[in-house]
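Just so it is clear, none of the values below were taken in a lab; they were calculated from the coordinates. All values derive from a computational prediction rather than experimental measurement. Cβ: placed from backbone, ideal geometry, glycine included. Neighbour counts: every protein chain shown.
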Amino acid sequence: MSATPGRSNVDHLIVGAGFAGLAAAIKLDEAGERDFVVIEKDSDVGGTWHINTYPGAECDVPSQLYSYSFALNPHWSKVYSPQQEIWAYTRKVAEESGTLDRFVFDTAVLDARWEEGLQRWIVRTEGPDGVQEYAARTIISGSGGLSEPRLPEIEGIEDFQGAIFHSARWDHDVDLAGKRVAVIGTGASAIQLVPELQRVVGHMDVYQRTPNWVIPRNERSFSALERTVFEKVPGAQRALRSLVYATLEARVPAFARFPQLMRAVELQGRRNIAKGIRDPELRAKVTPDYRAGCKRILISNRWYPALDADNVDLVTEPITKITGDAIVTTDPATGATVERPVDVLVVATGFYVTEPPIAQHITGRAGRTLADVWDDGGMAAYKGTTIHGFPNLFQIVGPNTALGHSSMIFIIESQVRYVVEAAKAMRRAGLAVIEPTQAAQDAWTAEIRRRMRPTVWQTGGCASWYLDKFGNNTTLWPGQTFTFRHHLSRFDVDKYDVEADHHSTQREAVNA
Ligand code: NAP
């Protein structure tokens, strides 16, 4: 293909340098697919683990499983790793992989457009050196399912005069000591940061819309002996990893088939409440009225004691507006309004998940953006990875690949393997274009919807970010992770429409 001035040709353009993008870079490199570039809007690798620096940020998946299978880390300090340690791990893996020379940091993808005639994606990026254009054979998007903060739409929020920031964009310059702080949200991020804040703030109001089931966290540090064993005894760490994996997988039937088994989790949750909170009225406020597992099950030993502390109030009346220096709630039963003054407002209100913003920037065949296509019927992708109408696009952590019970890194590695197999198959067969057929994608989606029906996410009686505007769960994988891996274990080209390379055909004709 002739080069266009200012445009770089690459085989693969990887979006994001988090766990997904990094794994894709490493595994493509190992497979000899070395002509790639990784575009990362942040200043370093690590993705969510580089960006989420809120106090108390830790992983709620055990460390032994929250790492790549090809880069075990015998040095984890605790059963559940802190953010900084996970980020340092990704940095080390990246450095040792020898792929960092192809990472471009502080650079965002502006848009990507499928160019039929070229059989390539034309991708525009913007970074310190201005706008750059790439012509890429494939795009491998590892842009993250939980990366775009969702700010609450509350009247007057833009008029708030104090410091305000999202949990995923923590402002470390704001001193919270002695301040009146408000936290909106009681999800996975809030339950980690609230206990940390409680120790330093003057007063904190925690605004809860829906309580979550929170069970105890079996937290402890690994001893020096354990770490030596992980490092020196062949197979020891892998055996523990397998045990953790199997233990987590054993929970799947309760999520996917028999939600009534979740009563055992609810019992644990109630005991956790009773242990952490003295006041019966507060206990009642934090007790969910839906089946455990319907929303993500959270783990913490410190959440309830923090809510019980003298300098913390849990507010459950709906927020009606925010003024320059206060939050106003209205009691729906009595109509009584209360105004609570605030110096610093932390919004721990989650992310855009079922309408990922990156989809607005990707234009496939027929000039339609991925956002337009998904707006019609919800997110859908063949095997959670490839999308009809968007040739040569691979979405890591795509529709119905997320988990509520185990490590996303297992899923990411499964998808990356599929991508690498696809790249190898394309090269072997001289294919320039692969695109899943509509029939294959529809059959995959129909099967997911069928399996979703009895799950706790559909039947548990809650509203959650797992569900889209149509009420469909387009985020989670409804089964064991090994079945997902099995489905993606080989690249099934028979489910794809394919095109040979026009340009090599033209070249052959010229050379003949
Ligand atoms: P989240 O689970 O979506 O929680 C958002 C919270 O904000 C919910 O309590 C929600 O209430 C509340 N909220 C949203 N809009 C609101 C509004 N307008 N007014 C009042 N309250 C509002 O977000 P997150 O806590 O950031 O966690 C997101 C996901 O990130 C987690 O589920 C998990 O997958 C991941 N995460 C993982 C870890 C880890 O340890 N590995 C840590 C943090 C996050 P409703 O429940 O009523 O919607």
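Numerical summary
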{"quantity": "Segment 345-465: C-alpha pair distances exceeding 22 Å, %", "calculated": "43"}
{"quantity": "Relative contact order (%) - criterion: Cα under 8 Å, at least six apart; region: the chain", "calculated": "18"}
{"quantity": "Loop-resident sites, segment 110-168, for GluC sites (Glu not before Pro), counting at most 10 other Cβ within 10 Å (DSSP)", "calculated": "GLU153"}
{"quantity": "Unit Cα scatterers, Debye sum, segment 25-70: log10 I(q)/I(0) for q = 0.22, 0.28, 0.30, 0.33 Å⁻¹", "calculated": "-0.97, -1.07, -1.09, -1.14"}
{"quantity": "Cysteines in the chain lacking a second Cys C-beta under 4.7 Å", "calculated": "CYS59"}
{"quantity": "Virtual spin-label span in nm between ARG485 and THR459, 7 Å along Cα→Cβ", "calculated": "2.8"}
{"quantity": "Reciprocal mean inverse distance between Cα atoms of the chain - Kirkwood radius, Å", "calculated": "24.5"}
{"quantity": "Cα-based reach from LYS495 at 19 Å (exclusive), listing aspartates and glutamates while leaving out same-chain residues under 8 positions away", "calculated": "GLU421, GLU435, ASP442, GLU447"}
{"quantity": "Linear extension gain, GLU95 paired with ARG209, 0.36 nm per residue minus alpha-carbon span", "calculated": "36.8 nm"}
{"quantity": "Trypsin sites (Lys or Arg not before Pro) lying in DSSP loop within segment 164-218, provided at most 15 other Cβ fall within 10 Å", "calculated": "ARG199, ARG209"}
{"quantity": "Computed log₁₀ I(q)/I(0) - Debye formula, equal Cα scatterers, no solvent, segment 93-212, q 0.19 Å⁻¹", "calculated": "-1.08"}
{"quantity": "Sequence-distant lysines (8 or more away, or on other chains) whose Cα lies within less than 24 Å of LYS469", "calculated": "LYS295, LYS383"}
{"quantity": "Computed [θ] at 222 nm, deg cm²/dmol, the chain (DSSP H ≥ 4; -39,500 (n - 2.57); rounded to nearest 500)", "calculated": "-9500 deg cm²/dmol"}
{"quantity": "Placed amide H near ASN9: partners under 5 Å, 5+ positions off or other chain", "calculated": "ALA135"}
{"quantity": "Scattering profile of segment 69-140 at q = 0.19, 0.24, 0.26 Å⁻¹ [log10 I(q)/I(0), Debye over alpha-carbon scatterers]", "calculated": "-0.88, -1.05, -1.13"}
{"quantity": "Surface/4 estimate of mean projected area, convex hull on alpha-carbon atoms of segment 426-489, nm²", "calculated": "6.1"}
{"quantity": "Environment charge at ALA25 (Cβ cut-off 11 Å; Lys +1, Arg +1, Asp -1, Glu -1)", "calculated": "-2"}
{"quantity": "Selection of trypsin sites (Lys or Arg not before Pro), segment 267-306, meeting DSSP coil and at most 11 other Cβ within 10 Å", "calculated": "ARG278"}
{"quantity": "Relative contact order (%) - criterion: Cα under 8 Å, at least six apart; region: segment 52-203", "calculated": "23"}
{"quantity": "Gyration tensor (Cα) of segment 265-334, equivalent ellipsoid semi-axes in angstrom", "calculated": "25, 16, 12"}
